[in-house]
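Asker: After the structure tokens below, expect a handful of questions from me.
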Amino acid sequence: MQRITEPELMDEAEQALAYAMADFAEPNERFVGYFETEFPDLQTGSVLDLGCGPGDIVLRLATRRAGLTVHGIDGSAAMLRFASESLHESPELGGRVQFIEGLLPGATLPLPAYDAVVSNSLLHHLHDPDVFWRAVREAGAPGAAVLVMDLFRPESAAAAQAIVDQYAANEPEVLRLDFLASLCAAFEPDEIRAQLQAHGLDGFSVRTVSDRHLLITGRLPPR
Ligand SMILES: C[S@@+](CC[C@H](N)C(=O)[O-])C[C@H]1O[C@@H](n2cnc3c(N)ncnc32)[C@H](O)[C@@H]1O
């Protein structure tokens, strides 16, 4: 199936609400588990979450590793409203968590270089994947840990629809449509390997970790 891009930002109120209310506990917890397994020594320092949406992964990371400062950036004010509300409910994290409204490319970040750059389900939203890999390289310090999880594109539209039916049968229609659009906009593993090579990141590992997710991990080379 050819890639079909979808709108980059999720900035419509109904869309952001449906996404923020959906239960992503299982994949988000898995994401944090991958971070802990891949980077057991990263107990302190700074982490940037690109395309943090409603901020669930930011809050989970900050909760799990009390020595980390975790920043999340997203271009959607509608999404960040939910992130701020959740942060409000966890005042103990307040000093270590910050959400930033900013559009990639070109967003201004609070720190010049992060010890880790993570992202879940942003890459497929970007029409130009180079924007994503440039942002990763620019935000991370040399040697920074990188962990990216995303969907990968199924072989056919019918296969994409079957995944939506299997995992989002009871979700609101707006979320089901977004999920289908995301699967059709996602990259195949070999396309991502080519992107990594073009950005000098060919030492990174790309592996499928479920019937719809892939995981990309590595350490940034010197700038
Ligand atoms: C599918 S959501 C993922 C949210 C979050 N990472 C999660 O796992 O729940 C993708 C997010 O990327 C944001 N986004 C898309 N394109 C962007 C861009 N060019 N700059 C900043 N954020 C962007 C969207 O607004 C949306 O909140």
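The values are calculated or read from the model by the stated rules, or taken from the named source; none is laboratory data. Because the structure is predicted, anything quoted here is derived from the model rather than measured. These area figures cover heavy atoms from the full protein model, side chains too; ligands, DNA and RNA do not enter into them. Shrake-Rupley method; radii C 1.70, N 1.55, O 1.52, S 1.80 Å.
Asker: State in Å² the accessible area per residue of the stretch 123-223; use a 1.4 Å probe, count heavy atoms of protein chains only, and round to the nearest integer.
Answerer: 43
Asker: For the stretch 108-121, in order, what is each residue's ³J(HN,Hα) by Karplus, 6.51 cos²θ - 1.76 cosθ + 1.60 with θ = phi - 60°, in whole Hz (x at glycine and Pro)?
Answerer: Using θ = phi - 60°, the values come out as 8, 9, x, 10, x, 7, 9, 6, 8, 10, 10, 6, 10, 6 Hz.
Asker: While we're here: Amide H neighbours of GLU188 under 5 Å, at least 5 residues apart or on other chains, H built in the peptide plane: list them.
Answerer: Answer set, sorted by chain and number: ARG153.
Asker: Another question about this same structure. Roughly how many percent of the accessible protein surface of the chain is carbon and sulfur, given a 1.4 Å probe and a whole-percent answer?
Answerer: 52
Asker: Which of GLY143, GLY55, GLY106 moves the most in a Gaussian network model of the chain with Cα springs under 10 Å?
Answerer: Between GLY143, GLY55, GLY106, it is GLY106 that shows the largest mean-square fluctuation.
Asker: Give the separation of the Cα centroids, the stretch 54-107 to the stretch 169-201, in Å.
Answerer: Cα centroid to Cα centroid, the span is 23 Å.
Asker: Report the relative contact order of the chain, percent, no decimals, based on alpha-carbon pairs under 8 angstrom and at least 6 residues apart.
Answerer: Computed over the chain, the figure is 22 percent.
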